[in-house]
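Comments concern the structure below.
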Amino acid sequence: MLEQEKSSFDQLLSDAEEYIKTRQRLAKLSAVEKTVTISSSLIIGAVLFVFFTLFLVFASIAAADYLTTVLGPPYSGPLVVSGFYLLVMLILFIGRESLLRKPIVNGMIKNIFKDDDHE
């Protein structure tokens, strides 16, 4: 009887050790998955940012050129386009907390804890 209880205890201890090892492996895999997901999101965001910036530069040059032909003086087109960007910058600066910081932080938090809802 005592031998059987010792054997059951040893089996329980062995199962507990295996469970802990499995949980550690799962935690490592989860951390790797989240790191890769965040890294790939950052790389995709950087590539999109570069192409959007190039688009914005060429569109701004075209808009400035067009406005120069419409308004007349050679400085008028670039002045209007730069004034537009100044206005956008001021709006973003004034509303930086609600327009930039909160959505970025919330998006990162959602991305990190995306798969934790299923556990």
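Readers should treat all values here as calculations from the given coordinates under stated rules, not as data from a laboratory. Every value quoted in this text rests on a predicted model; they were computed, and no experiment measured them. All Cβ positions, glycine included, derive from the backbone under ideal geometry; neighbour counts span all protein chains shown.
Miscellaneous remarks
- Projecting the Cα positions of VAL36, ALA64, ASN111 onto the charge dipole of the chain (unit charges on Cβ atoms of Lys, Arg, Asp and Glu, taken about the Cα centre) puts ALA64 furthest along the positive direction.
- Stretch gain in nm, segment LEU13-PHE52, where the contour uses 0.36 nm per residue and the Cα spacing is subtracted: 8.2 nm
- Length gained when the stretch SER76-SER41 is fully extended (0.36 nm per residue, less Cα-Cα span): 8.6 nm
- Label-point separation in nm, THR22 to PHE113, each point 7 Å along Cα→Cβ: 2.7 nm
- Cα lying deepest toward the dipole's positive end in the chain, options LEU26, LEU86, SER8, charges on Cβ: LEU86
- If R0 equals 22 Å, the separation of the Cβ atoms of SER60 and ILE94 corresponds to a calculated FRET efficiency of about 0.50.
- If only the Cβ of Lys and Arg carry +1 and only the Cβ of Asp and Glu carry -1, the dipole of the chain around its Cα centre is close to 720 debye.
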